[in-house]
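The values are calculated or read from the model by the stated rules, or taken from the named source; none is laboratory data. Keep in mind the model is a prediction, meaning the values are calculated, not measured. Virtual Cβ from ideal backbone geometry, glycine too; neighbours counted across all protein chains shown. Note: accessible area is taken over every heavy atom of the protein model, side chains too, but ligands, DNA and RNA are not part of it. Shrake-Rupley method; radii C 1.70, N 1.55, O 1.52, S 1.80 Å.
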Amino acid sequence: FFLSNLDIAALGADSAVPGVNRNTIYAQPAVCPDDEALKAFDRVATAIRLKQQSCNAESVILSSIRDTLLPKLLSGEIRVGEAEQQIAEVV
């Protein structure tokens, strides 16, 4: 988590060759919380990650439904009532 929030690209800007020296990373200050704080953070972060994964999966499903039904609705191939019925069958 610490490394994902560290601006690593900016730390490697002093060289003509892209990359970061590991000593530059090691020199970055980091707060090391106690075990209780880590466990509390992990509980909250895990819940957020699980919700994010659930929302991402739902977004994929909804996008698929949109991509399937919208052209048919716009062309008049199906009507709104028929589309609602198809969605109810999928969901």
Obtain the nm distance between the two label points defined at residue 4 and residue 47 by a simple spin-label model: each point lies 7 Å from its Cα along the Cα-to-C-beta direction. 1.8 nm
Compute the length gained on full extension between residue 30 and residue 54: take 0.36 nm times their separation in residues and subtract their Cα-Cα distance, giving the result in nm to one decimal. 5.5 nm
For Rg and Dmax of the Cα atoms in Å, with candidates (1) 23.9, 64; (2) 16.3, 53; (3) 15.1, 50, the value calculated from the shown model is option (1)
Of all the accessible heavy-atom surface of the chain, with the other protein chains kept in place and a 1.4 Å probe, what percent is carbon and sulfur? 59 percent
Express the accessible area of the chain per residue in Å², computed with a 1.4 Å probe while the remaining protein chains stay in the model. 85 Å²
Determine the calculated [θ] at 222 nm for the chain from helices alone, applying -39500 (n - 2.57) to every DSSP H run no shorter than 4 residues and normalising by the residue count; nearest 500 deg cm²/dmol. -22000 deg cm²/dmol
